[in-house]
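Coordinate-derived values only; no laboratory data. Values in this document were obtained by computation on a predicted structure and should not be read as measured data. Because the Cβ atoms are built from the backbone with ideal geometry, glycine has one as well, and the counts that use them run over all protein chains shown.
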Amino acid sequence: MCKETIVKNEEQLTTLQSKFPAPWVMKLMSDKLIHKSDHQAVLTTIETTEELFNAWKKLKETMHRLQMDGTVIVQPQLDAIAEIVIGGINDPQFGPFIMVGSGGKLVELLDDVVFHIAPLSFEEAIDLINTLKVSKLLKGYRGESAVSINELAQLIVNVGKMMVENLHIKEFEINPVMATREGFIAVDIRGKI
């Protein structure tokens with residue numbers, strides 16, 4: 001999971017540099033916001049303290065405009081090779097399913113997701129990854145760094161196992177999971193029980 005800190009007031013913004021270095025991402029978290037970027041509730045590439053204060057004000061304006069309460073969090077901005085979505089649903093008729101594909105803001109746009117009945121084996125997870133367009137990026141497209149497909153496959157297997165063992169979870173989604181040179185880092189997680 002990505003490092004993050006909850007910011008409750010402007011005074012807390014001044015201590016962020018000691019927690020993790022810039023650049024930062026500031027987000028408005030609320031159960032009413034599914035696609036935060038559609039509502040300007042995710043602000044990226046924040047480099048300075050002044051930009052941090054401006055982002056805080058923008059998110060407070062967004063809360064006022066949307067007439068909602070929320071929590072403001074700050075995370076370090078990650079340098080990702082690709083963004084992945086991993087999710088699951090427990091269908092009342094068919095049971096648990098797992099989903100994996102291109103994630104982030106592009107999840108609906110690229111239509112690069114696959115589904116599989118859970119649980120699934122490590123080999124089945126590898127096969128799922130290999131069917132995705134984003135797999136080329138993960139394997140080091142045009143000389144870029146590759147990431148561990150095995151690590152991603154294990155993460156998919158673990159989410160599938162969690163869905164089978166917790167049938168009370170109706171929906172679960174990690175989006176995005178940032179594929180970085182250091183590994184896979186979950187940035188946003190949501191679920192429905």
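Counting Lys +1, Arg +1, Asp -1, Glu -1, what net charge surrounds ILE117 among other residues with beta carbon under 14 Å of its beta carbon?
-2
For the stretch 78-126, what Kirkwood radius comes out of the mean inverse Cα-Cα distance, in Å?
11.9
Arranged by the count of other C-beta atoms within 10 angstrom, fewest first, what order do GLU108, GLU144, GLU83 take?
The order, fewest Cβ neighbours first, is GLU108, GLU144, GLU83.
So what are the three principal axis dimensions of the chain from its Cα atoms, in whole Å, longest to shortest?
49, 43, 28
How long are the three semi-axes of the equivalent ellipsoid of the stretch 5-76, in whole Å, if each is the root of 5 times an eigenvalue of the C-alpha gyration tensor, listed from largest down?
20, 12, 11
Take each of the peptides 14-23, 41-50, average the number of other beta-carbon atoms within 10 Å over its residues, and list them starting from the highest.
In descending order of packing, they fall as 41-50, 14-23.
Going by how many other beta carbons lie within 10 Å of each one, how would you line up ARG181, ARG190, fewest first?
Starting with the residue having the fewest Cβ neighbours, the order is ARG181, ARG190.
Given the rule -39500 (n - 2.57) for each run of at least 4 DSSP H residues, summed and divided by the residues of the chain, what is its mean residue ellipticity at 222 nm, to the nearest 500 deg cm²/dmol?
Theoretical 222 nm ellipticity from helices: -8500 deg cm²/dmol.
Only four residue types carry charge here, +1 at the Cβ of Lys and Arg and -1 at the Cβ of Asp and Glu. Report the dipole size of the stretch 82-192 about the Cα centre in Debye, rounded to the nearest 20.
180
I want the local charge near VAL159. Using Cβ-Cβ distances under 14 Å, sum +1 for each Lys or Arg and -1 for each Asp or Glu among the other residues.
-3
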